[in-house]
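Read through the structure below, which is laid out as structure tokens, and then see the notes.
The values are calculated or read from the model by the stated rules, or taken from the named source; none is laboratory data. Keep in mind that this is a model prediction, so the values were computed, not measured. Neighbour counts are summed over all protein chains in view; Cβ atoms, including those assigned to glycine, are modelled from backbone coordinates with ideal geometry.
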Amino acid sequence: MERPYPPMLRKPPYPERPETRKEIEKHVNELLDMDVIRKIGHNEIVKITTPVLITWNNGKSRLCGDFRALNNYTKAERYPIPRITHSLDKLKKPNT
């Protein structure tokens with residue numbers, strides 16, 4: 001069954017502490033500088049994720065996206081990636 005194209009998924013941002021917000025902005029600015037992401041115009045609506053900051057015990061942080069809203073629109077893989085052990089077992093057997 002073909003799933004419909006997802007509607008514009010809009011989620012309100014998670015409430016953040018001011019220091020967390022600054023850290024998210026720092027990560028976003030780094031991504032902008034590397035041309036990984038780009039700024040969009042005020043009339044463009046491209047909101048499919050909410051940024052989430054993951055902080056480790058050593059003080060480093062990582063910016064992630066919460067894509068759970070897209071799960072209902074993701075198609076199942078018909079040909080999943082084979083298990084590496086299965087492929088290695090096939091390579092071990094001689095062809096006769």
Just need a number here: residues in segment 67-96 that are among the polar types (S, T, N, Q) and closer than 30 Å to residue 53 by Cβ. 3
Looking at segment 15-41, I want the residues that are without any contact (Cβ under 8 Å) to a residue 40 or more places away in the chain and have a partner that is exposed (fewer than 13 other Cβ atoms within 10 Å of the Cβ) and part of a loop (DSSP other than H, G, I, E, B) with Cβ atoms under 9 Å, at least 6 apart or on another chain. Which pairs are those? 28/37; 30/36; 31/37; 32/38; 32/39; 40/46
Looking only at residues that are closer than 23 Å to residue 74 by Cα and touching a strand residue (DSSP E or B) at 6+ places or on another chain (Cβ under 6 Å) in segment 15-50, which one is modelled with the highest pLDDT? 50
Would a scan of segment 74-90 turn up a residue that is under 30 Å from residue 19 (Cβ atoms) and under 17 Å from the mean Cα position of the chain (by Cα)? no
Mind counting the residues in segment 65-89 that are assigned to a helix (DSSP H, G or I), surrounded by 10 or more Cβ atoms within 10 Å (Cβ to Cβ) and of a type outside the set (Gly, Ala, Ser)? 5
